[in-house]
Amino acid sequence: MCGIVGYTGINQVAPILLDGLSKLEYRGYDSAGVAIYNGSELEVVKAKGRLQALRDLTNDGKNLNGTVGIGHTRWATHGEPSVVNAHPQYNANKTVAVVHNGIIENYQVLREKLESRGFQFVSATDTEVVAHMLEYYYTGNPIETIAKIIHRVKGSYALGIVFKEHPDEVYAVRKDSPLIVGVSDEGNYIASDVPAILKYTRNVYFIEDLEIVKLTKDGVSFYNEDVESIEKEMQQIEWDIEAAEKGGYEHFMLKEIYEQPKAIEDTIRPRIKDGEIVIDELGMTPEQIREIKKIYIVGCGSAYHTGVVGKYVFEKLARIPVEIDLASEFRYRDPIVEENSLVIIISQSGETADSKAALKEAKSKGAKVLGIVNVVGSSIAREADNIMYTWAGPEIAVATTKAYSTQLTALYLLAILFAKTRDTIDGSEYDELIKELHSLPEKIKTILGDKEKIQWFASKYANAKDVFFIGRGIDYAISLEGSLKLKEISYIHSEAYAAGELKHGTISLIEDDILTVAVLTQPDLFEKTQSNVVEVKTRGAYVFALTVEGNEKIEEVADFTIYVPKTHPCFQGSLSVIPLQLFGYYVSVAKGLDADKPRNLAKSVTVE
């Protein structure tokens, strides 16, 4: 959500800022801008709409001279998308400019205080408050000044700041919003995420809450909120820039769909040694695993949907009761967390605001917290008691695919390990489950090799107005994800329902030619869901059935059928979700939409 890039060094800054911001477009935005010290003043250029508008205004940055600056892509929260509300925001004299990710919750009180002291506001943003506060509290020392304001603002923020009086320096500070620092021989950088600067450096620092950063062209310095110098450990990014590029695919989303076999394999391989599941990062002894009385799985969006699958798998294999929660609900409902409970927080970015808050809530209740995240060094990775990484690599498209699949894989590994440890499965079943895990990548490749049929069907239903997804058990959980994929990138209204609930109201919405996607992969539930398919068919629905090879009987009632290979029923969702991802993607493409950048959405939701 929003993107920040800053640089000070020996090179012209504007092209670097624009290039970095282009790597952050996946985060979602509606305007963009830069502030650059041009040798005499802070020059600010902003544009509404896509980054290309800013490129056009600046001749790809070539018209802006200077080697120090900050840039931003804004996703509107306070104030409509406009040039005035775009970042950077600045004070009246343009002696300070600010870019900001997050929300200043007490901005109205601060604004009224500043207005009473003669400050005039031109935007509707909460960020402009920060610019004026930096002027009001300015001591001549930027670090001291920043420390003063962070003790007065409430909310979440990552701030990039430039001062006219300190023309060779960039400053930054964060609280509950991601920020990294990159260092190189040609200068130093701040950014919201690694892809923005990976072209220039692999050496990064992950900034903690209330840490203040000073960048010069020659080095970086770190301070705590008490303006005391601190030392930080530099880390090196291991994946390369090609992983964050399209590589010949039309969209990142399609590329990432095709990367799922490798991502799943990369998540499995290090954790199965000599036929045994070994999760060193779990940090739990066999005795502690046996003592678990309850598991809570918490996440948002697709991460929550993996939790729905996880509930079925954990309860089926390990016989541990599982409660799943939306992170935004968990944090506010004052949950009763039982003794000997494990809370699993799932997040692709590791920076999701509600998930971070849920983590803190769980720890305050005395629970052990395991984080499942994709981004090394992210906030959840640092704050959880233990962390299990999903080795999906960078995921650029807003609509998650490979991160979702690797989260499922991580939950499978945990569930099998817990089941073996608690003696709820025998040795032969344990071996069979591991064998099936290893087979998933190749089976997904088989599905991807037959995408043309799904592509054809998607083009046929690109103009649909309403789509319903139905399933039972794990099929219902996958229906939730399939529905989300369709609605978020094609803007078609879709809903997922437990098939057994159709008669409790939903079936009244079925009309002639309404597309209904029925997922039927669970052998024990196939006939029951097939009966539900008959129910919607008799009311005029057009049925797209997704089932397992060998279930040709479904063609007697379905209008269109896609088959996926057979695997253990607990893992079937990893295969059935692939055609649904492709369906959503190809509907979006058929409608002429940008599947990577759906409207109103952001990759990392760092505010409530």
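Considering only the range 167-186, I want to know if a residue exists there that is open to solvent by less than 10 Å² (accessible area, probe 1.4 Å), in contact (Cβ under 8 Å) with a residue 24 or more places away in the chain and of a type in the set (Lys, Arg).
Among the residues of the range 167-186, at least one is open to solvent by less than 10 Å² (accessible area, probe 1.4 Å), in contact (Cβ under 8 Å) with a residue 24 or more places away in the chain and of a type in the set (Lys, Arg), which makes the answer yes.
Any chance the range 540-551 includes a residue that's in a helix (DSSP H, G or I) and either of a type outside the set (A, V, I, L, M) or surrounded by 14 or more Cβ atoms within 10 Å (Cβ to Cβ) (or both)?
From the range 540-551, those in a helix (DSSP H, G or I) are none; that's our starting set.
Checking the range 540-551: not a single residue is in a helix (DSSP H, G or I) and either of a type outside the set (A, V, I, L, M) or surrounded by 14 or more Cβ atoms within 10 Å (Cβ to Cβ) (or both).
Any idea how many residues of the range 319-351 are in a loop (DSSP other than H, G, I, E, B), in contact with a helix residue (DSSP H, G or I) (Cβ under 7 Å, 6 or more places away or on another chain) and of a type in the set (Val, Ile, Thr)?
The qualifying residues number 2.
Condition (residue is farther than 25 Å from residue 390 by Cα, in contact with a His (Cβ under 8 Å, 6 or more places away or on another chain) and open to solvent by 40 Å² or more (accessible area, probe 1.4 Å)) applied to the range 407-426: is it met by at least one residue?
no
In the list 337, 373, which residue meets the criterion of being of a type outside the set (Phe, Trp, Tyr) and at pLDDT 90 or above?
Residue meeting the stated conditions: 373.
Given (1) open to solvent by 30 Å² or more (accessible area, probe 1.4 Å); (2) among the charged types (D, E, K, R); (3) without any contact (Cβ under 8 Å) to a residue 60 or more places away in the chain, identify the lone condition not met by residue 217.
(3)
Among the residues of the range 459-482, write down those that are part of a helix (DSSP H, G or I) and surrounded by fewer than 24 Cβ atoms within 10 Å (Cβ to Cβ). Even if it seems obvious, please write down each step before you answer.
Restricting attention to the range 459-482, the residues satisfying the condition of being part of a helix (DSSP H, G or I) are 459-460, 474-482.
Across the range 459-482, the qualifying residues are 459, 460, 480.
Here's the yes/no breakdown for (1) touching a residue at least 24 places away in the same chain (Cβ under 8 Å); (2) closer than 15 Å to residue 579 by Cβ:
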{"site": "456", "(1), (2)": "no, yes"}
{"site": "466", "(1), (2)": "yes, no"}
{"site": "476", "(1), (2)": "yes, no"}
{"site": "491", "(1), (2)": "yes, no"}
{"site": "495", "(1), (2)": "yes, no"}
{"site": "498", "(1), (2)": "yes, no"}
{"site": "505", "(1), (2)": "no, no"}
{"site": "514", "(1), (2)": "yes, no"}
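Of the residues 360, 311, which single one is open to solvent by 10 Å² or more (accessible area, probe 1.4 Å) and modelled with pLDDT of 95 or more?
Testing whether each residue is open to solvent by 10 Å² or more (accessible area, probe 1.4 Å) and modelled with pLDDT of 95 or more leaves just 311.
Looking only at the range 319-352, how many residues end up being small (Gly, Ala, Ser) and on the phi > 0 side of the Ramachandran plot?
Residues in the range 319-352 being small (Gly, Ala, Ser) and on the phi > 0 side of the Ramachandran plot: 1 in total.
Spot the failing condition for residue 145; the list is (1) open to solvent by less than 10 Å² (accessible area, probe 1.4 Å); (2) in contact (Cβ under 8 Å) with a residue 24 or more places away in the chain, and only one is missed.
Result: residue 145 fails condition (2) only.
If I go through the range 153-180 residue by residue, how many of them are of a type in the set (D, E, K, R), within 28 Å of residue 41 (Cα to Cα) and in a strand (DSSP E or B)?
The total comes to 1.
Kindly provide the set of residues from the range 37-48 that are under 15 Å from residue 59 (Cα atoms) and not charged (D, E, K, R), ordered by number.
Listed by number, the residues that qualify are 44, 45, 47.
What single numbered condition from (1) open to solvent by 40 Å² or more (accessible area, probe 1.4 Å); (2) under 28 Å from the mean Cα position of the chain (by Cα); (3) over 16 Å from residue 68 (Cβ atoms) fails to hold for residue 135?
For residue 135, the failing item is (2).
Of the residues that make up the range 507-518, is at least one at pLDDT 90 or above, more than 30 Å from the chain's Cα centre (by Cα), surrounded by fewer than 22 Cβ atoms within 10 Å (Cβ to Cβ) and farther than 30 Å from residue 104 by Cα? Write out each step before concluding.
We begin by selecting, within the range 507-518, every residue at pLDDT 90 or above; these are 515-518.
Okay, now just the ones that are also more than 30 Å from the chain's Cα centre (by Cα), so none.
No: zero hits.
Which residues, taken from the range 363-391, are open to solvent by less than 10 Å² (accessible area, probe 1.4 Å) and under 24 Å from residue 482 (Cα atoms)?
Within the range 363-391, 372, 373, 390 qualify.
The values are calculated or read from the model by the stated rules, or taken from the named source; none is laboratory data. Everything quoted here is computed from the prediction, not taken from an experiment. Note that we place each Cβ from the backbone using ideal geometry, even for glycine, and neighbour counts take in every protein chain shown. Just so you know, the surface numbers come from the protein's heavy atoms only, side chains and all, with ligands and any DNA or RNA stripped out. Shrake-Rupley method; radii C 1.70, N 1.55, O 1.52, S 1.80 Å.
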